[in-house]
Amino acid sequence: MASILKVDTLTGVTTAGSISVTGEGNSTTTNLQQGLTKSWASIDQTSTDHPVYDSFNVSGTADIATGVTKITFSNAMNNANYVTTGGAQTEATSAAYFGTYGVNTSTSRQMTTADFHTSNRNTSGSDKDVIYFAFDVKGDLA
């Protein structure tokens with residue numbers, strides 16, 4: 001018989017913010033908080049101010065340059081070593097590539113605990129605004 005658990009808050013016993021989940025195969029555990037997406041959004045770069053279609057933990061966006069959008073978090077990350085994953089869609093004749101500017105680049109395009117910049121490029125390597133791009137962020141919240 002299946003059970004239904006209805007709660008508003010889950011709290012770890014040893015550490016309030018740490019819950020372990022038994023992994024597939026029952027021999028390892030995974031930390032629940034570490035595996036959650038901390039921020040995500042889908043954005044239109046072809047419109048003024050790069051409006052957000054939908055998001056989580058994103059307080060705003062800014063049009064920095066062609067193909068480049070600044071994403072600002074509602075709740076900061078713990079450090080600038082988080083991971084971003086994303087994808088971009090442009091017109092059918094030109095593929096687009098998604099990337100973020102990491103901490104070893106110029107200070108104007110640096111990942112910080114408060115924000116990061118995206119970069120979308122076409123197949124010839126030129127920055128390109130795209131009609132739809134989406135990303136997610138993994139790491140520790142502050």
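The values are calculated or read from the model by the stated rules, or taken from the named source; none is laboratory data. Since the model is a prediction, treat every value here as computed from it, not as a measurement. Please note: Cβ atoms are built from the backbone with ideal geometry, for glycine as well, and neighbour counts cover all protein chains shown. With ligands, DNA and RNA removed, areas are computed over all heavy atoms of the protein, side chains included. Shrake-Rupley method; radii C 1.70, N 1.55, O 1.52, S 1.80 Å.
The orientation-averaged shadow of the Cα convex hull for the chain, equal to a quarter of the hull surface, comes to 12.3 nm². With protein chains left intact and a 1.4 Å probe, residues in the chain average 61 Å² of accessible area per residue. For region 61-73, backbone phi angles converted through the Karplus equation (6.51, -1.76, 1.60; θ = phi - 60°) give residue-by-residue couplings of 10, 9, 7, 8, 6, 4, x, 10, 10, 8, 10, 10, 7 Hz, Gly and Pro being listed as x. The length gained by stretching the chain between Thr11 and Thr30 to full extension, at 0.36 nm per residue less their Cα-Cα distance, is 5.3 nm.
In this rough spin-label picture, where each label sits 7 Å from Cα along the Cβ direction, the Asp136-Ser124 distance is 3.5 nm.
How many percent of the accessible area of the chain is carbon or sulfur, using a 1.4 Å probe? Of the solvent-accessible surface of the chain, carbon and sulfur hold 50 percent. If you take all other residues with their beta carbon under 9 Å from the beta carbon of Gln45, and give Lys and Arg +1 and Asp and Glu -1, the sum is -2. Estimated at the nearest 10 Å², the accessible area of Lys138 is 70 Å² with a 1.4 Å probe. Amide H contacts of Tyr132 (H built 1.01 Å from N, in plane; Pro and chain starts excluded): Gln45, Gln89 sit under 5 Å, all sequence-distant by 5 or more or on other chains. Between Gln89 and Ile19, how many nm apart are label points set 7 Å from Cα along the C-beta direction? Spacing of the two 7 Å Cα→Cβ label points: 3.2 nm.
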